[in-house]
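The values are calculated or read from the model by the stated rules, or taken from the named source; none is laboratory data. Predicted model, so just to flag it, every value in this text is computed and none were measured. So basically every Cβ, Gly included, is an ideal-geometry build from the backbone, and we count neighbours across all protein chains shown.
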Amino acid sequence: MPNVVIYVDDQASKEARRYQKRLSRVGDFECKLILPPELKELDSFIQDSPDLFLIDYELSLVQPDGTKAAYRGSTLAAEIRARYPDCPVVLITRQSILDQLDPARKRQLTERMQMCDELILKDDLDDRLNETRQLLISIADGFRTLSRIGSKTWEPLVEVLGAGDEEGELLRETAPPLQEGEWTVTGAANWIRNVILRFPGILYDPIHAATRLGITVESFHDENVQRLLEPARYVGVFASPEGHWWKGRLFRIAKELAEQEDVDGHPNRAFAEAFRKRFGRELLPATCVWDRTAIADWVCYVLRQPVKIKNSLRYYPDSRPSVMDDARVSFRAIRESNEFDEELLDSEGIKLLEEIEALPEP
């Protein structure tokens, strides 16, 4: 059965009809385009049981019949979330719209996003249609899976994640959304997507998994590497096409391979050599974004490139749980990136800034 998506936009817009057609082009989506309703009529304007709401952030303020919609898309999203708490709500807009928001509107949007599950860009429906469709499918499927779980207690939630006992203990340390021992669909979805899958430490995305094994992302995607690491791949709810891997399982596989091939050392140095001895293939080493030498052992938060711990500083861009990997910022990002914010360093890091700025280019 296709996912039923209700897309709320100005139906007179050629752009809106174009995106409706693009989303409905393949059989996994049935996208229904509707006009923004008056809020007092919200309870009656939904005729179907949708799998996902897609709402334009910049709703037309004047509808074809001359009436005005006295709210933004984020307001409608919050109202829908209150009425349909088990259904995902996604805002859609253009990057140019976000760039034009003044600080007050940006704060308002950030606050409203707490009532939504994702913000996607119309630009991505133009340029990255397949990836954006897969994201929406993953969100819809994940909410549906959580909704169908009968007992909203801890054990079924761990089971739907595919976590073992050791992983379940780590998950307990991330403040899971339990109220009197039970969770809601929205709370669990937000925790899984914005904590467990977002912060590296229990699960790793490709760049973090590759770097912790001491190899490049390209080498990580080698067919034999992927086959070897398949038991560590995350296949639970909200699993993404790019993939995530359980950290503990990843390291165990790397350690077992090294022991079997009689290679000593930490996985970030032993894995590539053990792999070469087993498969007769060289894996490229992860090189540091600062000094361009191997072996990098961490990932720069700002640049999302491998970096050696000694060539980076501890960074505090978010409130990630303590069981997750620390965020670090590379000397390269400190020196060159406009996204680096020195206010997110600790006092020790701030003291080192002057020395880092004075370092010669490696």
How about region 237-266: which of its residues are aliphatic (A, V, I, L, M), farther than 30 Å from residue 144 by Cα and not in a helix (DSSP H, G or I)?
263
Spot the failing condition for residue 334; the list is (1) under 27 Å from residue 196 (Cβ atoms); (2) surrounded by 22 or more Cβ atoms within 10 Å (Cβ to Cβ); (3) among the β-branched types (Val, Ile, Thr), and only one is missed.
(1)
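Considering only region 140-160, I want to know if a residue exists there that is polar (S, T, N, Q), closer than 20 Å to residue 49 by Cβ and more than 16 Å from the chain's Cα centre (by Cα).
Step one: list which residues in region 140-160 are polar (S, T, N, Q), which gives 145, 147, 151, 153.
Then keep just the ones that are closer than 20 Å to residue 49 by Cβ; that gives 145, 147.
Narrowing the set further to residues that are more than 16 Å from the chain's Cα centre (by Cα) leaves 145, 147.
Yes: region 140-160 contains one or more residues that are polar (S, T, N, Q), closer than 20 Å to residue 49 by Cβ and more than 16 Å from the chain's Cα centre (by Cα).
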Residue 194 meets each of (1) surrounded by fewer than 17 Cβ atoms within 10 Å (Cβ to Cβ); (2) over 24 Å from residue 54 (Cα atoms) with one exception, condition (2)
Looking at region 342-355, can you tell me whether even one residue there is within 27 Å of the chain's Cα centre (by Cα) and not in a helix (DSSP H, G or I)?
yes
Can you name every one of the helices (runs of 4 or more DSSP H) wholly within region 76-142 that holds 1 or more residues which are surrounded by 18 or more Cβ atoms within 10 Å (Cβ to Cβ), at pLDDT below 80 and among the aliphatic types (A, V, I, L, M)?
103-112
Lone qualifier among 287, 293 - being at pLDDT 95 or above and either at positive phi or loosely packed, with under 15 Cβ neighbours inside 10 Å (or both):
293
Which of the numbered conditions does residue 324 fail, given that it passes all the others? Conditions: (1) crowded, with 16+ Cβ neighbours inside 10 Å; (2) assigned to a helix (DSSP H, G or I); (3) among the aliphatic types (A, V, I, L, M).
(2)
Can you give me the number of residues within region 143-159 that are surrounded by fewer than 18 Cβ atoms within 10 Å (Cβ to Cβ) and not charged (D, E, K, R)?
8
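Report the residue count in region 200-256 for those that are acidic (Asp, Glu) and in contact (Cβ under 8 Å) with a residue 12 or more places away in the chain.
Result for region 200-256: 4.
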Which pairs have Cβ atoms under 7 Å, sit 6 or more apart or on different chains, and link a residue in region 147-164 that is closer than 22 Å to residue 88 by Cβ to one that is part of a loop (DSSP other than H, G, I, E, B) and among the hydrophobic types (A, V, I, L, M, F, W, C)?
152/183; 156/149; 157/183; 160/149; 160/237; 161/237; 162/235
Residues 249, 292: which one is touching a helix residue (DSSP H, G or I) at 6+ places or on another chain (Cβ under 9 Å) and outside the structural domain of residue 132 (by TED's automatic domain parsing)?
249
Among the residues of region 220-228, is there at least one that is of a type in the set (Asp, Glu), within 24 Å of residue 255 (Cβ to Cβ) and in contact with a Leu (Cβ under 9 Å, 6 or more places away or on another chain)?
yes
Against the conditions (1) at positive phi; (2) buried (at least 17 other Cβ atoms within 10 Å of the Cβ); (3) charged (D, E, K, R), where does residue 304 fall short? Just the number, please.
(2)
Taking the options 209, 189, name whichever one is more than 19 Å from residue 115 (Cα to Cα), at pLDDT 95 or above and surrounded by 20 or more Cβ atoms within 10 Å (Cβ to Cβ).
209
